[in-house]
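Visitor: Got a structure for you, questions after.
The values are calculated or read from the model by the stated rules, or taken from the named source; none is laboratory data. Computed from a predicted structure; not experimentally measured. Using ideal geometry, Cβ is built from the backbone for each residue, glycine included, and neighbour counts are taken over all protein chains shown. These area figures cover heavy atoms from the full protein model, side chains too; ligands, DNA and RNA do not enter into them. Shrake-Rupley method; radii C 1.70, N 1.55, O 1.52, S 1.80 Å.
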Amino acid sequence: MFEGKDIMTNKIDEIGDDHVGSSAKTPLRADAFDISDAEKRDRIEANIRDILDALGMDLEDDSIKGTPRRVAKAFVNELFSGLNPANKPKLSTFDNNYKYGEMLVEKNITVYSTCEHHLLPIVGRAHVAYISNGNVIGLSKMNRIVDYFAKRPQVQERLTMQVVQALQKALGTEDVACVIDAKHLCVNSRGVRDIESSTVTSEFGGKFKDKEVRREFLDYIKMDTDFE
């Protein structure tokens, strides 16, 4: 038992601060929703209380006594609400009666997420586009799907892929693209503490793999990054 724990600890130490991801799917256990949100809040509250106590904080102080409960509520109801499939927005589509056949771009969608390696914020912008093959989707749904997948412990590469895959499925087309430019506080506020750097990820499907179509999309969002 202890040998297995030591091996896992050594593996984590070897990875260190490296940015790694396992797959395009969020790593959830099969029993993730066997307990209620209320039970999750109670368990998280108890654990946050233990963490603060271990740090030497006075949990009887008026300023901090409510912190464990506040953190638990924020985790379950807000920051990680995107883990629950029940919160996924309905991506209803409509017939493209306008016969609009050009690219549709929704840019500068606000991204608030949480790095799953240090549980620190990821803050940035997402730019999403698709080319209709007969179906269109409400503009706000594009914002909502970004927010849904952002509201979970995340890796930016995975978030980018999940947004594209969800819209491809809803729209019935491969012609979907997403670029995210975000700051990671695990880089900005700790470790190398580089406050200027940001991370750019992209996922191009269908026609967006074509050089000219991809360039048109990047021109719309005014990014000079070379994805050739």
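Visitor: From the list 32, 72, exactly one residue is part of a loop (DSSP other than H, G, I, E, B), open to solvent by less than 40 Å² (accessible area, probe 1.4 Å) and under 22 Å from residue 152 (Cβ atoms). Which is it?
Guide: Details: 72 fails: part of a loop (DSSP other than H, G, I, E, B).
Only one candidate qualifies: 32.
Visitor: Also, I was wondering about something else. Would you check which residues across the stretch 44-58 are in contact with a Leu (Cβ under 7 Å, 6 or more places away or on another chain) and either within 14 Å of residue 69 (Cβ to Cβ) or assigned to a loop (DSSP other than H, G, I, E, B) (or both) and list them? Quick ask: steps written out before the conclusion?
Guide: Let us first name the residues in the stretch 44-58 that are in contact with a Leu (Cβ under 7 Å, 6 or more places away or on another chain), namely 49, 52-53.
Listed by number, the residues that qualify are 49, 52.
Visitor: Output the number of the condition that residue 128 fails; it satisfies all remaining conditions of (1) under 19 Å from residue 26 (Cα atoms); (2) of a type outside the set (Asp, Glu); (3) touching an Asp or Glu at 6+ places or on another chain (Cβ under 6 Å); (4) assigned to a strand (DSSP E or B).
Guide: (1)
Visitor: Considering every residue within the stretch 95-116, establish whether at least one is open to solvent by less than 50 Å² (accessible area, probe 1.4 Å), of a type outside the set (A, V, I, L, M, F, W, C) and without any contact (Cβ under 8 Å) to a residue 24 or more places away in the chain.
Guide: Scanning the stretch 95-116, I find no residue that is open to solvent by less than 50 Å² (accessible area, probe 1.4 Å), of a type outside the set (A, V, I, L, M, F, W, C) and without any contact (Cβ under 8 Å) to a residue 24 or more places away in the chain, so the answer is no.
Visitor: Which number in (1) without any contact (Cβ under 8 Å) to a residue 60 or more places away in the chain; (2) farther than 22 Å from residue 215 by Cα; (3) in contact with a strand residue (DSSP E or B) (Cβ under 8 Å, 6 or more places away or on another chain) marks the one condition that residue 142 misses?
Guide: So residue 142 meets the others, but not (2).
Visitor: Which numbered condition trips up residue 16, out of (1) at pLDDT below 95; (2) open to solvent by less than 90 Å² (accessible area, probe 1.4 Å); (3) on the phi < 0 side of the Ramachandran plot?
Guide: (3)
Visitor: Follow-up. When residues of the stretch 37-64 are filtered for being of a type in the set (Lys, Arg) and exposed (fewer than 14 other Cβ atoms within 10 Å of the Cβ), how many remain? Give the steps one after another, and end with the answer.
Guide: Residues of the stretch 37-64 that are of a type in the set (Lys, Arg), as a first pass: 40-41, 43, 49.
Now drop any that are not exposed (fewer than 14 other Cβ atoms within 10 Å of the Cβ), which leaves 43.
Here the count works out to 1.
Visitor: Given the structure, is residue 78 open to solvent by 90 Å² or more (accessible area, probe 1.4 Å) and within 15 Å of the chain's Cα centre (by Cα)? Outline the logic, then answer.
Guide: Working: open to solvent by 90 Å² or more (accessible area, probe 1.4 Å): yes; within 15 Å of the chain's Cα centre (by Cα): yes.
Answer is yes for this residue.
Visitor: Report, by residue number, each residue of the stretch 173-222 that is at pLDDT 95 or above and small (Gly, Ala, Ser).
Guide: 177, 182, 202, 205, 206
Visitor: So which residues in the stretch 131-154 are among the charged types (D, E, K, R) and within 19 Å of residue 25 (Cα to Cα), if there are any at all? Even if it seems obvious, please write down each step before you answer.
Guide: Of all residues in the stretch 131-154, those among the charged types (D, E, K, R) come to 141, 144, 147, 151-152.
Once the filter is applied, which keeps residues that are among the charged types (D, E, K, R) and within 19 Å of residue 25 (Cα to Cα), the stretch 131-154 yields 144, 147, 151, 152.
Visitor: Here is a follow-up. Would you be able to tell me the number of residues in the stretch 139-157 that are within 20 Å of residue 86 (Cα to Cα) and either of a type in the set (S, T, N, Q) or in contact with a Ser or Thr (Cβ under 7 Å, 6 or more places away or on another chain) (or both)? Explain how you work it out, then say what you get.
Guide: Just the residues of the stretch 139-157 that are within 20 Å of residue 86 (Cα to Cα), to begin with: 140-154.
Next, only the ones that are either of a type in the set (S, T, N, Q) or in contact with a Ser or Thr (Cβ under 7 Å, 6 or more places away or on another chain) (or both) stay: 140, 143, 150-154.
Qualifying residue count, the stretch 139-157: 7.
Visitor: Would it be correct to say that residue 123 is open to solvent by 50 Å² or more (accessible area, probe 1.4 Å) and not in a loop (DSSP other than H, G, I, E, B)? Can you show your working first?
Guide: Working: open to solvent by 50 Å² or more (accessible area, probe 1.4 Å): yes; not in a loop (DSSP other than H, G, I, E, B): yes.
Yes: the conditions hold for residue 123.
Visitor: Only residues that are within 16 Å of residue 78 (Cβ to Cβ) and among the hydrophobic types (A, V, I, L, M, F, W, C): list them for the stretch 121-163, please. Before the answer, list the steps.
Guide: Step one: filter the stretch 121-163 for residues within 16 Å of residue 78 (Cβ to Cβ), giving 121-123, 144, 146-154.
Those that are within 16 Å of residue 78 (Cβ to Cβ) and among the hydrophobic types (A, V, I, L, M, F, W, C): 122, 123, 146, 149, 150.
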